[in-house]
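What follows is calculated from the coordinates using simple rules that are stated; it is not laboratory data. Everything numeric here is computed off the predicted structure, so don't read it as measured data. All Cβ positions, even for glycine, are placed from backbone atoms using ideal geometry, and neighbour counts span all protein chains on display.
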Amino acid sequence: MKETFGEYVKRLRTENNLTLTQLAAQLDLDSANLSKIENGKRAFDEKRLIKLANFFKLNMDKLKTEFFSDLIAKKIYQTKCCHETLLLAEEKIKYLQQKEIKTGVLNL
């Protein structure tokens, strides 16, 4: 998606004709904090992903992809890392997967 995770949450909320207060109550937030999340001034708490997925009947894997891709993109942008960072990260994921297969355990 070409939107931040906060913008994604806002789109879900507005497409479902919900107020900030209505969605915030479902996520155990106050409306001011939800507004900050939607406007990129506060991070969405990973622990609330399940509540968001359940409320909007979203696929959890797709929601996690949306959430974590936003975190990674923001970190790379803020630290001015180059595109090669993503390529190296993909290689490291493959390495960790192979290591887990060989040992049966992945210690991070």
Length gained, Leu88-Glu100, 0.36 nm per residue minus C-alpha separation, equals 2.5 nm
Normalise the Debye intensity by I(0) for region 5-81, one equal point scatterer per Cα, no solvent, then take log10 at q = 0.14, 0.15, 0.19 Å⁻¹ and round to two decimals. -0.43, -0.49, -0.78
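If a helix is a whole DSSP H run, which ones in the chain reach 24 Å or further along their own axis (Cα) and hold a mean Kyte-Doolittle hydropathy of at least -0.5?
On the way: long enough: 60-78 (27 Å, -0.34); 84-103 (28 Å, -0.67).
Span-like helices here: 60-78.
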Averaging sequence separations of C-alpha pairs under 8 Å and six or more residues apart, then dividing by the length of the chain, give the relative contact order as a whole percent. 21 percent
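If Lys and Arg each add +1 and Asp and Glu each add -1, what is the summed charge of the other residues whose beta carbon sits under 12 Å from the beta carbon of Cys81? All intermediate terms of the calculation are to be shown ahead of the outcome.
On the way: positive: Lys74, Lys75, Lys80; negative: Glu84.
Summing Lys and Arg as +1 and Asp and Glu as -1 gives +2.
Please give the peptides 69-75, 9-15 ranked by average Cβ packing (other Cβ atoms within 10 Å per residue), highest first, as a rough proxy for protection.
Working: 69-75: 13.7, 9-15: 15.9.
My ranking of the peptides, most packed first, is 9-15, 69-75.
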